[in-house]
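Structure first, then comments.
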Amino acid sequence: MILATQAAEAPATAPAASPYERIGGIAVLRQIADRFYDLMDQDPAYRALRAMHAPDLAPMRESLPNFLAGWAGGPRQWFEANPGKCMMSMHKPFPITRKTANQWADAMACAIADVAPADTEIATALSDVLAQMARGMARD
Ligand code: HEM
């Protein structure tokens, strides 16, 4: 019978989880973003990076986790609110140097390590790829 054959041939495993699901969804992305902006705000190691941002970091605390959610295969509300907006091009007006790009990458690596998502493989991958993206924004 056709249906029985199809059932027998159905894959035994569920589809692979997206990076968004593996990292722990929006709750974990929010924790990471909050820790990231706390570090940027409070740790003198990130003073130059902090100085580039607006005094009020509240909009960034909202925006960054929403961007990361869509980018990692989760809800796309940031992309729907910003049609056609490219993160690399959006940063072109900012005078990003290797120093400030490294501060971004280091603060993000610390934030991810502090939040310590249970899936350590995806946590390391996220840290590495965001560091590459940040360093790719430096123009000196
Ligand atoms: C390389 C170092 C980086 C620097 C110096 C930097 C700096 C900035 C600045 C100055 C703003 C404007 C917000 C404000 O004035 O408070 C901004 C916005 C933003 N940045 Fe970065 N950024 C960097 C890397 C990144 C990376 C790697 C990502 C994403 C993975 C990112 C995600 C965002 C987002 C989501 C916004 C808000 C965009 C919006 O929703 O309109 N940034 N960034």
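The values are calculated or read from the model by the stated rules, or taken from the named source; none is laboratory data. Predicted model only: the values in this text are computed from it and were never measured. Here the Cβ positions follow ideal geometry from the backbone for every residue, glycine too, while neighbour counts run over all protein chains shown. When the accessible area is computed, the model is the full protein with side chains, heavy atoms only, and any ligands, DNA or RNA have been set aside. Shrake-Rupley method; radii C 1.70, N 1.55, O 1.52, S 1.80 Å.
The residue that is most open to solvent (accessible area, probe 1.4 Å), counting only those in the stretch 86-95 that are near the ligand (Cβ under 8 Å from one of its atoms) and out of contact with any helix residue (DSSP H, G or I) (no Cβ under 8 Å at 6 or more places or on another chain), is MET90. Cβ-Cβ contacts under 7 Å between residues 6 or more apart (or on different chains), taken from a first residue in the stretch 83-102 that is of a type outside the set (A, V, I, L, M) to a second residue that is open to solvent by less than 50 Å² (accessible area, probe 1.4 Å) and within 6 Å of the ligand (Cβ to nearest atom), are listed as HIS91/MET137; THR100/LEU49. Taken over the stretch 104-137, the residue count meeting the criterion of being more than 11 Å from PHE36 (Cα to Cα) and buried (at least 16 other Cβ atoms within 10 Å of the Cβ) is 11. Taken over the stretch 112-140, the criterion of being over 17 Å from MET88 (Cα atoms) and more than 11 Å from the chain's Cα centre (by Cα) is satisfied by ALA113, ASP114, VAL115, ALA116, PRO117, ALA118, ASP119, THR120, GLU121, ILE122, THR124.
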